[in-house]
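Peer 1: Please find one structure pasted underneath; my questions will follow.
The values are calculated or read from the model by the stated rules, or taken from the named source; none is laboratory data. Keep in mind it's a predicted model, so treat the numbers as computed, not measured. When we count neighbours, we look across all protein chains shown, and the Cβ atoms used for this are built from the backbone with ideal geometry, even at glycine. Keep in mind that these areas ignore ligands, DNA and RNA; they rest on the heavy atoms of the full protein, side chains included. Shrake-Rupley method; radii C 1.70, N 1.55, O 1.52, S 1.80 Å.
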Amino acid sequence: MKTRVTQLLGTEYPIIQGGMAWVAEAGLAAAVSAAGGLGMIGAANAPGEWVREQIREVRSRTSQPFGVNIMLMSPYADEVAQIVTAEKVPVITTGAGNPEKYITMWKDAGCKVIPVVASVALAKRMERSGADAVVAEGCEAGGHIGELTTMVLIPQIADAVTIPVIAAGGIADGRGMAAAFMLGAEGMQLGTLFVVTKESRVHDQYKQAIIKAKDIDTRVTGRSTGHPVRALRNQMTKQYLAMEAAGAGLEELEYLTLGSLRKAVVEGDVVNGTVMAGQSAGLVKAELSCRELIEKLTAETDQLMKGAGIYEQDR
Ligand code: TUI
């Protein structure tokens, strides 16, 4: 499965694990990288020192390439941006903002830079600023999302830039991966599937909630605040949406969700916590190891891709 993305990342497969807050820590990242994908540490809202420890922990567990995702709305974003530079992290992805001001620094340190984008305009801007690739994330994804679906976003971004496009949002099996290749992507980033792996230290209740979820079980909160977030529907999303409908202000809504992701991931409170997950939750049926998952995905994809002429070796 060689594409420009495997060449760029130095991985066996063009599969990136999403940099999910509270979920994407060193153990999961190392397991994904050791299995031939690109494991990611999610810096989320964590301080720089935590990120540095996680980077060192991944390096102690595997010699394979890995990355750090920087959530640009974090109060620690500047600090983390410096630390990944000093540590010469092989791959940096960013989310929830425009990383332009950091790109030259990261490129000078030899890091590959892959911003997550949700629009053609930002993808073009990232290419002009020197990004090596973009992750184009459709609104089927979990967590903070943009407006467009993966189906329409990927081909429009693939037409607009020459750097490789990595598809994210809604991909949870070989059919989704093959479809993403057909839309013009050369790699995939997967989140929800990796939450439900043996190496993911997410609370078992969180994993079971994803496994039990049906097609229509996610909700998007925060549209009124300009920060839409997709999660499994529960008491928390119900209360949030009721407050939003009643015209609640930003502060009140932020107070409601303060610490709520940690509550779900760490404490397993899937009723009152925020259970971020993508629409693909309905496709997630069992907990596998990262290696089993990546082998299953790539075998399914290879079967569907035979003769499609998209892999480098077919050309
Ligand atoms: O970032 C994500 N997913 C996330 S971040 C997160 S933490 C959070 N929690 C509550 C509220 C907000 C954040 C949970 N999940 N995915 C990558 C992503 N980036 N999706 C969409 C975007 C995005 C959206 C707008 C990137 C750039 C952008 O515009 C930037 C600009 O300034 O033009």
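Peer 1: What is the P(r) of the range 204-280, as percent of Cα-Cα pairs per 5 Å bin from 0?
Peer 2: P(r) for the range 204-280, in whole percents per bin: 3, 18, 28, 26, 15, 8, 2.
Peer 1: Ordered by packing density, taken as the mean number of other Cβ atoms within 10 Å over each peptide's residues, highest first, how do 88-95, 281-288, 259-266 rank? Write down the numbers at each step before the final one.
Peer 2: Values: 88-95: 23.9, 281-288: 17.6, 259-266: 19.6.
My ranking of the peptides, most packed first, is 88-95, 259-266, 281-288.
Peer 1: In the range 108-233, carbon and sulfur make up what percent of the accessible area (probe 1.4 Å)?
Peer 2: The computed percentage sits at 50.
Peer 1: For the pairs K124/K285; K207/K238; K2/K214, flag any whose C-alpha to C-alpha distance is greater than 32 Å. Before the final figure, lay out the partial values.
Peer 2: Numbers: K124/K285 37 Å; K207/K238 20 Å; K2/K214 34 Å.
The pairs that break the limit, which is 32 Å between Cα atoms, are K124/K285; K2/K214.
Peer 1: Moving on to the next point. Would you kindly compute the Cα radius of gyration of the chain and its largest Cα-Cα separation (Dmax), both in Å?
Peer 2: Taking only Cα atoms of the chain, I get Rg and Dmax of 18.1, 57 Å.
Peer 1: Taking only protein heavy atoms into account and a 1.4 Å probe, give the accessible area per residue of the range 244-315 in Å². Let's see the in-between values first.
Peer 2: On the way: 4030 Å² over 72 residues.
Accessible area per residue, the range 244-315: 56 Å².
Peer 1: Would you mind putting 157-164, 186-193, 37-44 in packing order, based on average other-beta-carbon counts within 10 Å, highest first? Before the final figure, lay out the partial values.
Peer 2: On the way: 157-164: 17.9, 186-193: 27.5, 37-44: 29.5.
With the highest mean Cβ count within 10 Å placed first, the list reads 37-44, 186-193, 157-164.
Peer 1: Please list 68-76, 166-174 highest first by mean number of surrounding beta-carbon atoms within 10 Å per residue.
Peer 2: Details: 68-76: 21.1, 166-174: 25.7.
Order by mean packing, descending: 166-174, 68-76.
Peer 1: Over the residues of the range 113-163, compute the C-alpha Rg and express it relative to 2.2 N^0.38 Å. Write out the running numbers ahead of the final one.
Peer 2: Working: Rg = 10.1 Å, N = 51, 2.2 N^0.38 = 9.8 Å.
Ratio of Cα Rg to 2.2 N^0.38 Å: 1.03.
Peer 1: For the chain, what is the percent of antiparallel DSSP beta bridges, rounded to the nearest 5?
Peer 2: Working: 7 of 34 bridges.
About 20 percent, rounded to the nearest 5.
Peer 1: Taking the alpha-carbon distance from K263 and a cut-off under 16 Å, which aspartates and glutamates remain once sequence neighbours fewer than 8 residues away in the same chain are dropped?
Peer 2: Qualifying aspartates and glutamates at Cα under 16 Å: D204, E254.
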